[in-house]
Amino acid sequence: MSRLDRLYIGTNTKMFKTASEAGEHIARLNELTRDIDDSRMTLFVIPSYTSLAQAVKVRGRVKIGAQNMGWEERGQFTGEISPLMLSELGVDMVMVGHSERRHVLHETDEEEQKKVACALGHGFTVLLCVGETLRQKEHNISDEVLAIQLKIGLELVRPEQLDRVMVAYEPVWAIGTAGIPADENYADARHAGIKDTLCGMFGEPGRDVPVLYGGSVNRGNCEPLIRKSNIDGLFIGRSAWDADNFSEIIHTVLPLFENRR
Ligand code: PGA
């Protein structure tokens, strides 16, 4: 059985929900997805740091991720959160390199690399986010940009750690309130390129790394996106923050995903 036999679907709640709101969201998601067997999908929520303790308490079937992580266990890094702190909370995943961290907070590929290696070394699953800017897309260098982000970001990943790596393709121009969702064919082609890069780096096991699409996914465009063979799952912002809306997306895409086989 391949890792890609199941759907990967999750949300990053950015700087939006308080701990009690995040707890309610996750509890409701558990309720609304009770009919879906665990073997069919990996469902995850990535809330803010201050919500993590509450989130793991009510997590049920939902995997809980941190939005960021420092790359040292301890030290003079005011404002950072270390892997030991996330381990103590029982967090399942760490997201690295979200577009807003790269472009608003100016994180570099070299920093993402250290975070990826550190998170894997501490036993977490890692979700590395990659994506090109509009300018890079217009220059026709999207695949090259994605390859650079993957080759640097995942350079220190050891073969035996690869089964804890996931990638989210999130074009910068497609994310958030000003975002324009990527056309499904464009997204599928970038996913194919990402998979080729992963194979080049890790050999055939690279094909088994789930690659999720993110950027203005909603109830209108989730269907064409999930019908695409290189899209292994969806990573959703705004449209997933209401649990009922998120559940409708899940219940729409899961059978379509399973019918692709
Ligand atoms: P969006 O966010 O779905 O609201 O565009 C996606 C993301 O930033 O992960």
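Derivation of every value follows stated rules applied to the coordinates shown; laboratory data play no part. All figures in this text were calculated on a predicted structure; none of them were measured in a lab. Cβ placement follows ideal geometry from the backbone for every residue including glycine, while neighbour counts extend to all protein chains displayed.
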Checked the stretch 28-182 against the a/c 1.5 cut and the a/b vs b/c comparison, axes a ≥ b ≥ c from its Cα gyration tensor; verdict oblate
Note on the stretch 135-261: contact order normalised by length, alpha-carbon pairs under 8 Å, 6 or more apart, percent, works out to 24
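Once the other residues with Cβ under 10 Å from the Cβ of Val130 are scored (Lys, Arg +1; Asp, Glu -1), what is the net sum? All intermediate terms of the calculation are to be shown ahead of the outcome.
On the way: positive: Arg102, Arg190; negative: Asp109, Glu112, Glu132, Glu170.
Neighbour charge sum, excluding Val130 itself: -2.
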With x for Gly and Pro, the residue-by-residue ³J(HN,Hα) of the stretch 111-120, computed from phi through the Karplus equation 6.51 cos²θ - 1.76 cosθ + 1.60 at θ = phi - 60° and given in whole Hz, is 5, 4, 4, 5, 5, 4, 4, 5, 5, 5
Here, GluC sites (Glu not before Pro) of the stretch 4-83 satisfying both criteria (DSSP loop; at most 15 other Cβ within 10 Å) are Glu72, Glu73, Glu80
Footprinting proxy, Phe235, Phe257: sorted fewest to most Cβ within 10 Å, the residues are Phe257, Phe235
Taking alpha-carbon centroids only, the stretch 22-75 lies from the stretch 166-211 a number of Å equal to 23
The alpha-carbon pair-distance distribution computed for the stretch 207-261, with 10 angstrom bins and whole-percent values, is 25, 58, 16, 0
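Per residue and in Å³, how big is the convex hull formed by the alpha-carbon atoms of the chain? Spell out each step's value before the answer.
Numbers: hull volume 30.5 nm³, N = 261.
In the chain, the Cα hull volume divided by residue count equals 117 Å³.
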Counting lysine pairs in the chain that sit 8 or more positions apart or on different chains, with Cα atoms under 20 Å apart, gives 12
Toy charge model, Lys and Arg Cβ at +1, Asp and Glu Cβ at -1: the chain dipole around Cα centroid in debye, rounded to 20, equals 320
